[in-house]
Amino acid sequence: MSNILGFPRIGKNRELKKALESFWGGKSKEKELEQVAQDLRAKHWELQKDLDFVCVNDFSLYDNVLDLAYALDAKPKRFKGLSGLEGYFAMARGYKDGVACEMTKWFNTNYHYVVPELSNEDTYKADASKIIQQYQEALSLGYTPKIQLIGIFTFFALSKIIDGEEKEIFKKLKKAYLELIEQISILNNVVIEFSEPIFAKGFNEKSPNLQCVYNSDTIEYIYNEISKKGIKVIVSTFFEHSCELTEVLLKTDIYGIGLDFIYGEKNKQSLKALAKSNKVLYAGVIDGRNIWIADLESKLALLDSINSFIPKERIVLSSSCSLLHLPFSKEGEDKIEDEILSWLSFAKEKIEELKTLELAFRGEKKDFKKALEENAKINCSRKNSTKTNNQKIRNRVKQNTLKQRNMPFKERLKLQKNFLNLPILPTTTIGSFPQTPELRALRLDYKKGNIDKATYEKGIKDYIKDCVAFQESIGIDVLVHGEPERNDMVEYFGEQLEGFAFSSNAWVQSYGSRCVKPPIIYGDVERKNPMTIDWITFAQSLTKKAMKGMLTGPVTILNWSFVRDDIPRKAVCEQISLAIADEINDLQKAGISIIQVDEAAFKEGYPLREENIKEYEKWALDCFKTSTAIASPQTQIHTHMCYSDFNDIIKTIEALDADVISIETARSGNELLKVFKKIGYTHEVGPGVYDIHSPRIPNIEEIQKQIQALLEVLPKEQLWINPDCGLKTRKWEEVKPSLKNMVEAVKAIRNS
Ligand code: GLN
Ligand code: ZN
């Protein structure tokens, strides 16, 4: 018995993306979109046909959390008049004056879900027709379907309560949710797998919504109610262990429990209790969110250890989570070297692995000798390849003693102030300037070989010249080159580092129709050649003012890549740190006195469970410090983080020991800044003074007001003035007046 928890829906060649965008653009009709969706479902089921079930309702036109909200009629007031696809996409993307619902990360993945908004005024009403329709579709094609549904606790925890009392809202929601199940239960012999990843956070989960209902009694009650409806109920948790909650689930009448043995090793501790129950274990043994080929021998060993507690007939082999987080298939991949490609396994290949594993687990191992041998050979090649084992790099990491800057911040600061001689409230930007269509075309033409290097470089240099001239003309203090040579802040560095591979088609859904193609870190990482020096020194040569070098930090490079699983993440990050250190060394040698090391994804890497946070914080912090340790006291290190929720991690932020940090506060108000004051934050801070995520141009007065508000929280000596993120998504028509107003506002304050 084997199954998965969901399949990527975007399509082998991103068919869904294309169909959605054509529909949104008014170029196709609902019927055509629905046809594409139906074809995709059929194709994806075909791939699952040898498993025990094919997944139904894992497919979504935009997002599963949104699907559930919609099925429960949990629609914000501003969209109440809308129905059908119009209402559905309105919630996801906005409609006229009605702003879209927020979007946020699905646990610690890079997938974003649409945040449901719940209010006292809502009257929920269940409608399972879409789910039933997909179920019938699968039946009519001859498959055995299993419905994937987000559990009510996870759904509630991830929602935003707009007004009203949590308990009351939950009560209403529960009624509709049970009604939804009731509607589904008219189907014969239906199996529903409820995803409750929130359970993997343990009972410590701080979601304020959950507090009032997050207890054994309520959980037991609800899952018993659901079980009464004559359906086979499986409750699955993933991304971590869920030992405490498994205990509760074992007391219920559900049929099966899904546990993640890849990211939740501790789940093994639940096996004894599970054995005593009569429940079926859906054992997540194939990694559902990383791209490496499984080592089948070690998987069989893992299964044997599970089997020492639980009889085989009560074990169903499973992926650790939905395969949503994986690219479709590695077939046709032409950019990755064959050797490395052989180490990879995407969604389609994971299903094949499950099938082989299933046969080998149930049958006689000798019958699968060939497949197992083949698999062992590939794993052996991966293990012993010089690509994954570079002794020189390993030794360097081991022997590195330069792990923090050698002069305390206060003393460094004096040297820096003296050398840089900046005015009070220095102005700067976060790095990128608008990525115009011409710029994108230039990079693409060069990549495709349509233009030669000289033409490309001239194009980039002309852009840098314009950026510098503009910044000088308005009187910004610390300049940037504008990042015209970069497609993406991680890809740009990954492409120049050893140990990284890039695919041509390994797309993963990020949100809606948006997909990303994360770099693949397969081997030991090293910087062979300078990555940014030529561009930055060219930019510096155009001005007497300080030109800020611009790098992406080690933790962000790690968190936005598919990372090798044969050594700890920490070890990979340490290698990247030294590559960044090399770049910093070269930059300062080339006369660059301010260097920004962006850590946009530092917070994203935080573990789900509190018990693991310390460990992550320690190595992530150490890696950032190692990457910047080489900077001489006089070199000013900046960092940038794209969020404002610093309360939990402010001490860690301070411990990064960056001389200056620029952060996002424009959208969240100065409340959040108070934490800097509260802890007596000593380093310098540039809280964004305007929101770059909107095309709106802020006027001088409002920026002035914002700066004044900042001055109430932090002393002027500690403050920098900048927008709250990079400007690459904006247009020049917006950027020019906005920055001009920002500089004018600062000047007015300096003079007052
Ligand atoms: N330096 C980068 C930029 O300006 C930072 C982007 C980010 O924080 N996401 O684009
Ligand atoms: Zn940012």
## Note on the structure
Taking a ≥ b ≥ c as the square roots of the Cα gyration tensor eigenvalues, with a/c under 1.5 meaning rounded and otherwise prolate when a/b beats b/c or oblate if not, segment 630-716 comes out prolate
### Summary
Beyond 18 Å, the calculated P(r) of segment 38-135 holds a percent of Cα-Cα pairs equal to 53 percent
### Query
Once fully extended, how much extra length lies between Lys251 and Ala376, figured as 0.36 nm per residue of separation less the alpha-carbon to alpha-carbon distance?
41.0 nm
## Note on the structure
Under the 7 Å Cα-to-Cβ spin-label approximation, Arg362 and Glu182 lie apart by a distance in nanometres of 3.8 nm
### Message
Between Leu341 and Lys651, how high is the FRET efficiency from 1/(1 + (r/R0)^6) when r is the Cβ-Cβ distance and R₀ = 45 Å? Nearest 0.05.
### Response
0.55
## Note on the structure
P(r) over all Cα-Cα pairs of segment 60-113, 5 Å bins from 0 to the longest distance, whole percent per bin, short to long, reads 5, 19, 33, 23, 13, 6, 1
### Query
Which one of Phe562, Tyr62, Ile257 has its Cα pushed farthest toward the positive end of the charge dipole of the chain, where Lys and Arg give +1 and Asp and Glu give -1 at the Cβ?
Phe562
### Query
What's the FRET efficiency of Asn384 with Arg514 using the Cβ-Cβ distance as r and R₀ = 45 Å, to the nearest 0.05?
0.70
### Message
Tell me whether segment 429-578 comes out rounded, prolate or oblate; compute the Cα gyration tensor, take square roots of the eigenvalues as a ≥ b ≥ c, and use a/c under 1.5 as the rounded threshold.
### Response
prolate
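As a test, work out the antiparallel percent of DSSP beta bridges whose residues both lie in the chain, rounded to the nearest 5.
Counting DSSP beta bridges with both partners in the chain, the antiparallel share is about 20 percent.
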### Task
Using a/c under 1.5 as the rounded threshold, could you call segment 473-556 rounded, prolate or oblate? The axes a ≥ b ≥ c are square roots of the C-alpha gyration tensor eigenvalues, and prolate needs a/b larger than b/c, oblate otherwise.
oblate
### Message
So if the hydrodynamic radius of segment 547-678 is defined as the Kirkwood radius over C-alpha pairs, what does Stokes-Einstein give as its diffusion coefficient at 25 °C and 0.890 mPa s, in µm² per second?
### Response
160 µm²/s
### Task
Might you tell me the accessible area per residue for segment 333-455, computed with a 1.4 Å probe and given in Å²?
60 Å²
### Query
How much length is gained if the chain between Ser694 and Asn215 is pulled fully straight, taking 0.36 nm per residue apart and subtracting their Cα-Cα distance, in nm to one decimal?
168.3 nm
### Summary
Residue-ordered couplings for segment 481-491, obtained by feeding phi - 60° into the Karplus form 6.51 cos²θ - 1.76 cosθ + 1.60 and rounding to whole Hz (Gly and Pro as x), are 8, x, 6, x, 7, 10, 7, 7, 6, 9, 3
### Message
Within segment 457-495, list the residues whose amide N lies under 15 Å from a label point set 7 Å along Cα→Cβ of Trp732.
### Response
459-474, 482-484
### Summary
One quarter of the C-alpha convex hull surface, i.e. the mean projected area of the chain in nm², amounts to 32.3 nm²
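I'd like the trypsin sites (Lys or Arg not before Pro) in segment 674-748 restricted to DSSP loop residues with at most 12 other Cβ atoms within 10 Å, sorted by number.
Of the trypsin sites (Lys or Arg not before Pro), the ones in loops of segment 674-748 whose Cβ has at most 12 other Cβ atoms within 10 Å are Arg696, Lys731.
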### Query
Can you tell me the accessible area per residue over segment 95-201, all protein chains present, probe 1.4 angstrom, in square angstrom?
42 Å²
### Task
Measure off 7 Å from each Cα along the Cα-to-Cβ vector at Glu165 and Lys747, then give the distance between these two points in nanometres to one decimal.
5.8 nm
### Query
Calculated from DSSP H runs of 4 or more alone, at -39500 (n - 2.57) each and per residue, what is the 222 nm mean residue ellipticity of the chain, nearest 500?
-13000 deg cm²/dmol
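Counting pairs of alpha carbon atoms under 8 Å apart in space and at least six apart in sequence, what relative contact order in percent does the chain give? Mind dumping the intermediate values first?
Values: 1374 pairs, mean separation 83.3, N = 752.
Across the chain, relative contact order equals 11 percent.
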### Query
Relative to a virtual label point 7 Å from the Cα of Gln496 in the Cα→beta-carbon direction, which members of segment 454-489 show backbone nitrogen distances below 11 Å?
485-486
### Relative contact order (%) - segment 16-146, alpha-carbon pairs under 8 angstrom, separation at least six
28 percent
### Summary
Here the percent of antiparallel bridges among DSSP beta bridges lying wholly in segment 41-180, to the nearest 5, is 40 percent
#### Entry: Apportionment of accessible area to carbon and sulfur, the chain, percent (1.4 Å)
50 percent
#### Entry: Separation between Cα centres of segment 682-752 and segment 115-136, rounded to whole Å
43 Å
### Rounded to whole Å, sorted largest first: equivalent-ellipsoid semi-axes of segment 439-504, Cα gyration tensor
26, 17, 8
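To the nearest 0.05, how large is the calculated FRET efficiency for Asp52 and Arg396 if R₀ is 41 Å and r is the Cβ-Cβ distance?
The pair Asp52/Arg396 has a calculated efficiency of 0.25.
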### Message
For Leu141, project a label point 7 Å along Cα to C-beta. Then give me every residue of segment 45-67 with its amide nitrogen under 19 Å of that point.
### Response
45-64
### Message
Checking a compactness column here: for segment 142-205, what do you get for Rg(Cα) / (2.2 N^0.38 Å), N being the number of residues?
### Response
1.33
### Task
Please work out the ratio of the alpha-carbon Rg of segment 178-322 to 2.2 N^0.38 Å and round it to two decimals.
1.05
### Message
Based on the alpha-carbon set only, what is the convex hull volume of segment 605-671 divided per residue, in Å³?
### Response
98 Å³
### Query
Could you state the number of Å between the C-alpha centres of segment 622-642 and segment 532-584?
10 Å
### Query
Can you give the three extents of the C-alpha atoms in segment 308-453 along their principal axes, from longest to shortest, in whole Å?
76, 46, 34
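The values are calculated or read from the model by the stated rules, or taken from the named source; none is laboratory data. Since this is a predicted model, take the numbers as computed values, not measurements. Don't worry about glycine lacking a Cβ; one is built from the backbone with ideal geometry, like all the others, and counts go over all protein chains shown. Please note that ligands, DNA and RNA were not included when accessible areas were found on the heavy atoms of the full protein model with its side chains. Shrake-Rupley method; radii C 1.70, N 1.55, O 1.52, S 1.80 Å.
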